[in-house]
2 protein chains.
Amino acid sequence: MKDNLKQRLAIDMDEVLADTLARFLSEYNREFGENLTKADLSERKLAEIIPADRRARLRHYALSPGFFRDIPVMAGSHAVMEELREHYEVFIATAAMEFPSSFSEKYLWIKHHFPTFPDTHIVFCGDKSVISTDFLIDDSPRHFDRFSGRGFLYTAPHNRAETRYPRLNDWEDVRRQFLTREE
Amino acid sequence: MKDNLKQRLAIDMDEVLADTLARFLSEYNREFGENLTKADLSERKLAEIIPADRRARLRHYALSPGFFRDIPVMAGSHAVMEELREHYEVFIATAAMEFPSSFSEKYLWIKHHFPTFPDTHIVFCGDKSVISTDFLIDDSPRHFDRFSGRGFLYTAPHNRAETRYPRLNDWEDVRRQFLTREE
């Protein structure tokens, strides 16, 4: 199908396509000899469950060269992304402005893991309400506030208490929501 | 006025806010001992009026560290931008994907020349049809093809033959179009 006949779908990067939390946990565990897992976070952010005097280390990790380049791909995302691109005009939309040093690393990450993804469809922005797509998959509900399309919340520990938006728990949920057609 | 009550205006960077062509001309003139000016371009791109064997140098300039950091601000843009921000929710939208090495330099350029401009309202993208604003000021008519708002063409030598869109010749035109109210 031609792109201009497809519905448009924007997909967030950190915590949706990229398992950024896993990278924070591995950096933290390595530095402090801990074994924190995602399950330990429950409904909280990592910064909320670690000692206050270690919180600044998280920002330090994110600002370190290579941090965003080496984030693992979120489990299951790769195959579903390929299928989504057949049926939707897909954009990768990432709020990169919090860590401007991450621009190039995020771009290289996309080119490495999704080498055929077109540059034209990568968006680095701060406020995703500026994005004009039919759907947005994101782990941060704040991006849905003024978004004109339909927002889907990708589950992360920090958003488990959020109830206002349809929720996708993993990439199999993404497949079911966007790629399962009634025959 | 609160941002969410304002109309939204996206402004392109290269050739609109930033005088990128002036930077290309100065690099080219310095290397080849020429005195090319914008007037010499008439309706053409710089690449079209220079000897074919020098064309690759333009891409080389754009890929050189510091090129995008040191571009002059477009004459008249600074004061009008400040006024626009009082009356519109303004985004700076730049198609940075052609030169991904330019991300950080473009970000630093914005922070340097417009230090109070919010990170949340900077957008790096490829295809600007993904931007949801009421207006877009751009020198590349291709960005208006699928843009849902109203496009205004900012005059550059390469677009002088384009007649499909309302035209803004300089930042005084921008002021007249967007800031002059009938009393």
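Going residue by residue through segment A:87-109, is there one that turns out to be touching a His at 6+ places or on another chain (Cβ under 6 Å), surrounded by 14 or more Cβ atoms within 10 Å (Cβ to Cβ) and more than 17 Å from residue A:169 (Cα to Cα)?
Yes, segment A:87-109 has at least one match.
Could you check segment A:1-46 and list, in sequence order, the residues that are among the aromatic types (Phe, Trp, Tyr), surrounded by fewer than 20 Cβ atoms within 10 Å (Cβ to Cβ) and within 21 Å of the chain's Cα centre (by Cα)?
A:28
Give me the pairs, please: first residue somewhere in segment B:162-183 and loosely packed, with under 15 Cβ neighbours inside 10 Å, second residue anywhere and charged (D, E, K, R), beta-carbon distance under 7 Å, and either six or more positions apart or on two chains.
Listed by first residue and then by second, the contacts come to B:179/B:83.
Looking at segment B:136-148, is at least one residue within 17 Å of residue B:14 (Cβ to Cβ), within 13 Å of another protein chain (Cβ to nearest Cβ), among the acidic types (Asp, Glu) and not in a helix (DSSP H, G or I)?
no
Which ones in segment A:113-135 are facing chain B (nearest Cβ under 10 Å) and of a type in the set (Val, Ile, Thr)?
A:120, A:122, A:123, A:130, A:131, A:133
Tell me the helices (runs of 4 or more DSSP H) entirely within segment B:1-110 that contain at least 1 residues that are at pLDDT 95 or above and within 13 Å of chain A (Cβ to nearest Cβ).
Filter on segment B:1-110 gives an empty set.
The values are calculated or read from the model by the stated rules, or taken from the named source; none is laboratory data. None of the values given here were measured: they were computed from a predicted structure. Cβ: placed from backbone, ideal geometry, glycine included. Neighbour counts: every protein chain shown.
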